[in-house]
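The values are calculated or read from the model by the stated rules, or taken from the named source; none is laboratory data. Note that the structure is a prediction, hence the values are computed from the model and not measured. Here the Cβ is made from the backbone with ideal geometry for all residues, glycine too, and neighbour counts use every protein chain on show. Areas reflect the complete protein model, heavy atoms only, side chains present, ligands, DNA and RNA absent. Shrake-Rupley method; radii C 1.70, N 1.55, O 1.52, S 1.80 Å.
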Amino acid sequence: MSRADGQRWTPRFGFEALHVLVLFAFAVAQPLYDLLGRHPQFFVSRGSEAADVAVFVGVVSLGLPAGAIALLALARLAGRRAGQGCMLGLVAVAVACAALPALN
């Protein structure tokens with residue numbers, strides 16, 4: 001899937017996508033799962049079934065990173081600098097989410 005300028009679809013995009021997936025797992029999913037693991041009544045009080053929990057886990061673990069990766073892909077289509085800026089923004093958001101609990 002090479003483009004005319006040869007810079008937009010390189011193996012680097014795969015590494016960037018993997019970085020986004022891991023950053024979101026570390027910054028968003030892990031703290032959320034830790035919190036819900038300490039308070040299991042969250043799902044019980046809402047009458048959630050196993051399918052509801054599975055959908056929740058899928059959205060948090062794969063849906064959010066997939067949306068971020070799609071945003072990164074669209075930015076890379078706009079150009080190399082736009083892709084770099086988007087990647088920098090996604091990293092900044094993930095770092096901010098990871099740092100927020102430490103600020104409390």
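Can you find a residue that is at positive phi and without any contact (Cβ under 8 Å) to a residue 60 or more places away in the chain anywhere in region 44-61? Scanning region 44-61, I find at least one residue that is at positive phi and without any contact (Cβ under 8 Å) to a residue 60 or more places away in the chain, so the answer is yes.
Here residue 92 meets the list (1) open to solvent by less than 80 Å² (accessible area, probe 1.4 Å); (2) touching a helix residue (DSSP H, G or I) at 6+ places or on another chain (Cβ under 9 Å); (3) without any contact (Cβ under 8 Å) to a residue 60 or more places away in the chain; (4) part of a helix (DSSP H, G or I) almost entirely, failing just condition (2). Could you please let me know if residue 59 is in contact with a helix residue (DSSP H, G or I) (Cβ under 9 Å, 6 or more places away or on another chain), among the β-branched types (Val, Ile, Thr) and modelled with pLDDT of 90 or more? Here the answer is no, as residue 59 does not meet what is asked.
Name every residue in region 15-31 that is surrounded by 15 or more Cβ atoms within 10 Å (Cβ to Cβ) and aliphatic (A, V, I, L, M), in order of residue number. Across region 15-31, the qualifying residues are 17, 20, 21, 23, 25, 27, 28, 29. Go through the residues of region 6-14 one by one and say whether even a single one is surrounded by fewer than 14 Cβ atoms within 10 Å (Cβ to Cβ), touching a residue at least 24 places away in the same chain (Cβ under 8 Å) and not in a helix (DSSP H, G or I). The answer is yes, given that some residue of region 6-14 is surrounded by fewer than 14 Cβ atoms within 10 Å (Cβ to Cβ), touching a residue at least 24 places away in the same chain (Cβ under 8 Å) and not in a helix (DSSP H, G or I). Restricted to region 38-89, and to residues there that are open to solvent by 40 Å² or more (accessible area, probe 1.4 Å) and of a type in the set (D, E, K, R), the residue that is farthest from residue 13 (Cα to Cα) is 46.
Go through region 60-99 and give me each residue that's under 10 Å from the mean Cα position of the chain (by Cα) and within 16 Å of residue 31 (Cα to Cα). Within region 60-99, 60, 61, 62, 64, 65, 93, 94 qualify.
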